[in-house]
1. Relative contact order (percent) for segment D:155-340, with alpha-carbon contacts under 8 angstrom and 6 or more residues of separation?
2. Compute the relative contact order of chain C as a whole-number percentage, counting only Cα pairs closer than 8 Å that sit 6 or more residues apart in sequence.
3. Which percentage, to the nearest 5, of the DSSP beta bridges contained in segment C:155-340 is antiparallel?
4. List the distances, in nm and shortest first, from the label point of C:Lys46 to the matching label points in every other copy, placing each point 7 Å from Cα along the Cα-to-Cβ direction.
5. Once phi is turned into ³J(HN,Hα) by the Karplus curve 6.51 cos²θ - 1.76 cosθ + 1.60 with θ = phi - 60°, what whole-Hz value does each residue of segment C:30-37 show in order, with x for glycine and proline?
6. Helix D:348-360 versus the longest principal axis of chain D: what angle, 0 to 90°, nearest 10, using Cα atoms?
7. Along segment A:291-296, what does the Karplus equation 6.51 cos²θ - 1.76 cosθ + 1.60 (θ = phi - 60°) give for ³J(HN,Hα), rounded to whole Hz, x for Gly and Pro?
8. Going by C-beta contacts inside 10 Å, put C:Ser292, A:Ser153 in order with the fewest on the left.
There are 4 protein chains.
Amino acid sequence: MALRKAGVLGATGSVGQRFILLLSDHPDFELSVLGASSRSAGKKYKDAVTWKQTSLLPKSSGEVIVSECTPEAFKDCDVVFSGLDADYAGPIEKAFVEAGLVVVSNAKNYRREPDVPLIVPITNTDHLSIIEKKVATAAAKGEKKPGFIICISNCSTAGLVAPLKPLVDKFGPIDLLTTTTLQAISGAGFSPGFPGIDILDNIVPYISGEEEKIEWETKKILGKTNSDNTGFDILSDDDLKVSAQCNRVAVSDGHTECVALKFKNRPAPSVEEVKQCLRDFVCEATQLGCHSAPKQTIHVLEEDDRPQPRLDRERDNGYGVSVGRIRSDPILDFKMVVLSHNTVIGAAGAGILIGELLIAKNII
Amino acid sequence: MALRKAGVLGATGSVGQRFILLLSDHPDFELSVLGASSRSAGKKYKDAVTWKQTSLLPKSSGEVIVSECTPEAFKDCDVVFSGLDADYAGPIEKAFVEAGLVVVSNAKNYRREPDVPLIVPITNTDHLSIIEKKVATAAAKGEKKPGFIICISNCSTAGLVAPLKPLVDKFGPIDLLTTTTLQAISGAGFSPGFPGIDILDNIVPYISGEEEKIEWETKKILGKTNSDNTGFDILSDDDLKVSAQCNRVAVSDGHTECVALKFKNRPAPSVEEVKQCLRDFVCEATQLGCHSAPKQTIHVLEEDDRPQPRLDRERDNGYGVSVGRIRSDPILDFKMVVLSHNTVIGAAGAGILIGELLIAKNII
Amino acid sequence: MALRKAGVLGATGSVGQRFILLLSDHPDFELSVLGASSRSAGKKYKDAVTWKQTSLLPKSSGEVIVSECTPEAFKDCDVVFSGLDADYAGPIEKAFVEAGLVVVSNAKNYRREPDVPLIVPITNTDHLSIIEKKVATAAAKGEKKPGFIICISNCSTAGLVAPLKPLVDKFGPIDLLTTTTLQAISGAGFSPGFPGIDILDNIVPYISGEEEKIEWETKKILGKTNSDNTGFDILSDDDLKVSAQCNRVAVSDGHTECVALKFKNRPAPSVEEVKQCLRDFVCEATQLGCHSAPKQTIHVLEEDDRPQPRLDRERDNGYGVSVGRIRSDPILDFKMVVLSHNTVIGAAGAGILIGELLIAKNII
Amino acid sequence: MALRKAGVLGATGSVGQRFILLLSDHPDFELSVLGASSRSAGKKYKDAVTWKQTSLLPKSSGEVIVSECTPEAFKDCDVVFSGLDADYAGPIEKAFVEAGLVVVSNAKNYRREPDVPLIVPITNTDHLSIIEKKVATAAAKGEKKPGFIICISNCSTAGLVAPLKPLVDKFGPIDLLTTTTLQAISGAGFSPGFPGIDILDNIVPYISGEEEKIEWETKKILGKTNSDNTGFDILSDDDLKVSAQCNRVAVSDGHTECVALKFKNRPAPSVEEVKQCLRDFVCEATQLGCHSAPKQTIHVLEEDDRPQPRLDRERDNGYGVSVGRIRSDPILDFKMVVLSHNTVIGAAGAGILIGELLIAKNII
């Protein structure tokens, strides 16, 4: 199968660096354009970037001449992965879509757009039907293939909804949902990133905008597409109440969430039924044979003291989500601890798996 | 006023070391006996201890010859502060009480005894009336002053109930209560203490027995003494449901708790009423002029990102509790972040303040 | 004695915040002017600053209206403590001196000036004779009191030279000196400060310009004033060779240095003579009764595993330096571990103690 | 080629767990016996171990029934990897050798024996000639193949000597050598491991026995075998003086060392010659095509702020050593920063690569 040409926007940032690593030697994609600010454009990538990954910068990527973030520079790309900062993503991504390009973005700017899918690629891949419909409609009209954008969800939302979706599909809607997050600092990027003095022997019990993102995005992701596949029926507060409390902790990678939930239907399932449902779940990306899809989507851990970020974040290369301490809750039905890799399933990795899904579904 | 003679059980351990520091130059107490295991007994304290405090070992304490933990050795003490490990505390503390001694213990062994007060000294000091009654009864009968034990609460319970008690007193009972804790490692002591490899770049989402302690102790502390002052009316699950999720994090001192709660009475107070109630609260120990009592019992913080353990744990020398991010909750009434100093108000410091209260209330 | 009026330049930064804390309730100084960038000028200090100290912002300082950093605004100050960033300190401090003001600066800009004393206030206070001479000369000529600047040394230099000076005074010159530093992140300030992701589970074996500062400043501080007290006889490479290797580590406050040294004179003193010399040393600031001067200048620790930053950095409120593991070295004469508090004796605290020395020596 | 049967002593400990991971799916070895204390013997390995690796316990290893540490239980093993604690290793390893078994041990007990090679497998593999001679001699006499032991070096010694050996081979002997180490906590094992409270916001400037190990082992490893290949000519203090200062820091894996050295021969090589020598070095294990041997033995880094443990410890799966900041030293000839993975090239990984060398050299 021919390799799809992939571009990366925001290539020198932390998300951009991860995109490059994941695209290096990828069986489906060929990294062809790296876009960054005009300060970097024109330089070799290796001279423009302060590389901060634990894997070495792939030699071939280092030699790429960095481009400006213009649709013209990316015009041959089958898909463009955007790691742009929200301050810049708005107009650039819009211009790309208008130029007919396919954008998979980690920025928050378009997540709430009525026709933009907000995708956790091990969770709500059915939402991609909006895009399939859009492409099919254009084809039926004889129009050229339309540009579109797909948004990657917020990192702490991704970990939260991953185990919830199979539960909702099996046991019916969740009514009440609380999560207290203990979030890694890698999400804050590199320049300057989260200050060391604020996290050493410390916790910061606040992440700007994060609680609102979790509370809103969960309702879009756990909702359905509308009846004519042109938008989303976002859950209302009556359907689902979500309460989030977010903390930044001294962890490099891996978001831990202490979750409690109550199902709408009575009687609620048993603890064992919940565990079995999670163990049995195979996400669509895995069923479709996507390269990066996890072998086991949800890992149910039985040890009292797991999951732990340092020990469990790399399950299935960070694409698998770990759930432990599933037990009855004195107030809601269940409580549990969820661990997800924030820079994989919660950011760049999710983008790449979405790209693989677009291929598997013949969208690109 | 004559100094009361104080003894310390478990003097070489982490809680014992804190007792010694706090008793050094204390205006009410004179440190007179240090008890430890027979391995240490007979040595000078400075030769028996591996001192691990940020303040230097007080010179005079270093010269004390360590005693065995027998009532005989402590017979002249007006009060004995026990930092014994739970594995040893049971029979030793029992023998002390039977010998007529007054024990203030950090161990968990007798917390659930029906006639033993479980005290957070900025919170439920009314529970000491049980002891006053016991002493008065003996006096009335012409019996000699009885021995008794008072238990210090679990550290994460202390921080939790401190802001709840004034709220309950003002707005009526709390119905539903959830807390997700982010607990410091100092609570795990020194030998060997919590392993570094388990906490560096990591979280452990489990502390053995901790959730049960919070869920049970809260119901004793927020309950009342019974009508004849001989025991406690512990709250039932119908009165109050508590759900706790406990995590160990990379913080040296200071437990952070993400709390949510619902009052029984409707309408619930406003956010501003809750804040004002906490700001106005002056605990009894402060009213009585106890030496270590906090000037401000509850610090209400208005900054989005506070309280933080490194910045706020030392308020009022660790005897004040900080509460921030008080806001409405989509599911219960309110959510907030509570920070308390686990080795002060949650352990040794609480013991000393209880000792001061015993003096202020003419019990010792 | 009348309080001296003190001003602070760079008042919102990390060094400035420390100056304000130390000046609050100081027996010698009255905090009268706070200067910051024009972005802050005109605001109340509490509204201009992001306060990040473990002690609360003193109420009265919070109400001060921030001034521009002009000599006019500080014209009534007896002394101005500068926490300005090196990018701004140059012209501002120069203008202050030209206007006749006394500046004690933490910035590096004027440290190498031939007539500017570079002072560690527990070490080379004899260097202040340059200033005494300058003031006396002006007085003799009937000129008005001249402005001048005194520089605080680099933080890691301060800790290094503190134990060396008494050794040199007693045993003669040091010939060869090596130090490998393990430096705290607080030195990197707050905005943005040292990135958390670079220090969590990590070491950065490089601090820009730091090794050069140690190697050069040590030669000025351990040197003498020249014969007519108008400048300094800086040690040459032939007098003293210094080799530094600097690392940033996951410590909030407190620089640890692994030092080795060789004396010029043979035979070298014994280990016990070295220890005794350090124990006996009483710095001039202590002899003069300066308020912040350490009771014990150098703490010699005998335990194998000390000093440790978390346990020992607060000795004498951070003005005392701890030295441990003093032992023979197979290559040079001795090796030892030195711990100093980088934001106290290595920065703002040093400035305040220099101010106290200026009073004690009747210079201001 | 037939798989060699491998046993692991101390299988439940931290080094033992690493041996098991590395032997799982190894192309040369088949894991056949797991030995541990009698508390564990008889249980399935998965029930005996508290598995603390970031990779999951290999399923097949989990099912192995744990044996006692007796030669009888291991009698079919071609090689036995020992992760025993030094408190137990002495008599057990001795019994194994006497029973004719081949032991590769991480324990320190036999490192100083005159006929026991102390091997860093990317460094002094020529020392294995002692074993080849011993085996050949027995064969010549018609005796059965003798048992023997090979010791893995101390972890911080391994990282230190790795870049020194090629330098000595090219530029002649090193005269003076200093190293200040910043060592990871993983070396302290799991039960209980290094205490978290001692390493959070802290450094411990002491590791019991470590400085002596570095100073002695370096002289054995950089020395030669004697003329008849029956023992070692260990370097004397006149040949080489070594001075080490050891610190424990808040890093999980990866020892950083700040090294300085002086060659005996004048003129010393240039910085560029030193770098080129290190870049060009290909260790014998790599030349022999050993499975785990690093592709690049020594990585010379040019960035100012590298190597860093979190970013560079995994080079060549932890078998490659990184060297940065190579520069002239004002006192000795050169200084540099060396980073090595303490649990790979400094412990279990070294053992496995020694096993591969034994195969490549037809010793087993």
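Please treat every number below as a calculation from the coordinates, not as lab data. Quantities reported herein were computed from a predicted structural model and do not represent experimental measurements. Please note: Cβ atoms are built from the backbone with ideal geometry, for glycine as well, and neighbour counts cover all protein chains shown.
1. 28
2. 18
3. Numbers: 23 of 35 bridges.
Expressed as a percentage, antiparallel bridges in segment C:155-340 total about 65.
4. 4.5, 5.6, 6.1
5. Result, rounded to whole Hz: 10, 6, 10, 9, 10, x, 8, 5.
6. Taking the Cα atoms of chain D, the angle to D:348-360 is about 80 degrees.
7. Those phi angles translate into 3, 8, 4, x, 5, 10 Hz.
8. With the fewest neighbours first, C:Ser292, A:Ser153 line up as C:Ser292, A:Ser153.
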